[in-house]
1. Please list, ordered by first then second residue, the pairs with beta carbon atoms under 7 Å, 6 or more apart or interchain, first in segment 8-21 and of a type in the set (G, A, S), second surrounded by 10 or more Cβ atoms within 10 Å (Cβ to Cβ).
2. (1) over 30 Å from L97 (Cβ atoms); (2) touching a residue at least 60 places away in the same chain (Cβ under 8 Å); (3) part of a helix (DSSP H, G or I): which one isn't true of M306, the others all being true?
3. Please verify whether N65 is surrounded by 15 or more Cβ atoms within 10 Å (Cβ to Cβ), closer than 30 Å to G380 by Cα and not basic (K, R), treating the condition exactly as stated.
4. Residues to consider are A200, A177, A164, A131; find the one that is among the small types (G, A, S), in contact with a strand residue (DSSP E or B) (Cβ under 9 Å, 6 or more places away or on another chain) and within 28 Å of M306 (Cβ to Cβ).
5. Could you grab me the full set of residues in segment 350-363 that are surrounded by fewer than 16 Cβ atoms within 10 Å (Cβ to Cβ) and more than 21 Å from A409 (Cβ to Cβ)?
6. Just to verify a result, which residue in segment 38-62, among those that are closer than 30 Å to H150 by Cα and of a type in the set (K, R), is surrounded by the fewest Cβ atoms within 10 Å (Cβ to Cβ)?
7. Applying the selection to segment 364-411, what residues are surrounded by fewer than 18 Cβ atoms within 10 Å (Cβ to Cβ) and of a type in the set (S, T, N, Q)?
8. Only one of Y121, Y101, Y153, Y137 is over 23 Å from the mean Cα position of the chain (by Cα) and of a type in the set (F, W, Y); which?
Amino acid sequence: KDRRDMLNLIGVGSINDLVSEFSPAFPGKLNLPKPKSELELIRHMKGLAQTNKVLRCFAGAGSYNHYIPSAIGHLLTRGDLFTGYTPYQAEISQGTLQAIYEFQSFVCLLTGMDVANASLYEGSSALAEAAMLSCSYTGRNHIFVKEGLHPQYLEVLQTYCEGAEITVTDRIDNNTACVIAQNPDFYGNIENLQHLSEQAHTAGALSVTCIVEPTSLAVLEPPGNYGADIVAGEGQSFGIPLSFGGPYLGFMAVRDFLLKKLPGRICGMTTDSRGNKGFVLTFQAREQHIRRERATSNITTNQALMALASTIYLALMGRSGLRRVARLSYARAHLLNEKLAKVGFKNLNTKPFYNEFVVKVPGSAEALTSKLLEKGILGGINLGENELLLCCTEMNSAEDIADFVSVAAGD
């Protein structure tokens, strides 16, 4: 009776009617070829794979083509890590728990923050969770977003805000829960956000820094040093392939006073009854574990496999290796920028940039990217109005840059 009354109230005949438009059209019989043997199937799949093109990538915008050490793939497939579920039982999950603890430690070192959680799904939802945290902590329902945030991150943030009755505004006042700024921003610009953090704190709001290209943290000032209360972002650059956009890795780190508002889980180090070092899930703010009305987030199970990949990457690279990656990415981007300027491209960045920048193409940007594609080069992101967002990492050699410029110059 309750079900019928609810359906009548919304004017729907049955539960099936609610999802009918989402049901795929299925004729009842699939037109599939005859089964293949394992040998035939492998040949078939190899034939399909050979139709792919491995492009030289000059595109970024949230997904970065960094080198991935081969050791990562090998270590990820270890049975004690690859099959690990959420480590509720600490006594049988010490390997996974230690890896999570190390991941949290790396994030805190890079961001200059006090505590980090055991990872989130990806950067955009991590940023949205940071906004929800800010509103929960301050009791306010307005958030300020500085110009230059990744447009897809902004879309996800607006979706979260719509459901939570939170308003995205263009001013900082006494209703502002947090001030959000991406650094480097979507266009590659680097900025000192100290003044913006001070503005946020003067208004009683939290300062949130979004990091989309985390290798920048190896050479830029940590957000914790210029007043950030929360740092959230994407960790894909740390040993995770492009993979058509996922799975990726979200991270979040905060000041001590926000510890109990962090979504997800926190792994801590302790000692057992014999005094031996061990690891446990110290804190969980998910509604499954505490009273629903006190939960800070409804984020669900996170196996943390991507966090493990990043932990292995950072351990392999070390401080000097990561700095070398960052310096190479910076140098290659500036080399490309300088060479393009000599053939008529106008740099549109008004501030220093890291490894991404925007140029005005002297002709048609669409025609240029088509010519580059013919040469096996993925030539950046077309922003419209003949503007290209270009990116370089350590994977872009001097020869790749020369080939790009040669096509751009019409040679």
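The values are calculated or read from the model by the stated rules, or taken from the named source; none is laboratory data. Everything numeric here is computed off the predicted structure, so don't read it as measured data. A quick note on method: Cβ atoms are made from the backbone with ideal geometry, for glycine too, and the neighbour counts reach across all protein chains shown.
1. Taking only residues 6 or more apart or on different chains, the pairs are G13/L7; S14/L7.
2. For M306, the exception is condition (1).
3. Criteria met by N65.
4. A131
5. T350, K351, P352
6. K53
7. Those that are surrounded by fewer than 18 Cβ atoms within 10 Å (Cβ to Cβ) and of a type in the set (S, T, N, Q): S364, S370, N382, N386, S397, S406.
8. Among Y121, Y101, Y153, Y137, only Y137 is over 23 Å from the mean Cα position of the chain (by Cα) and of a type in the set (F, W, Y).
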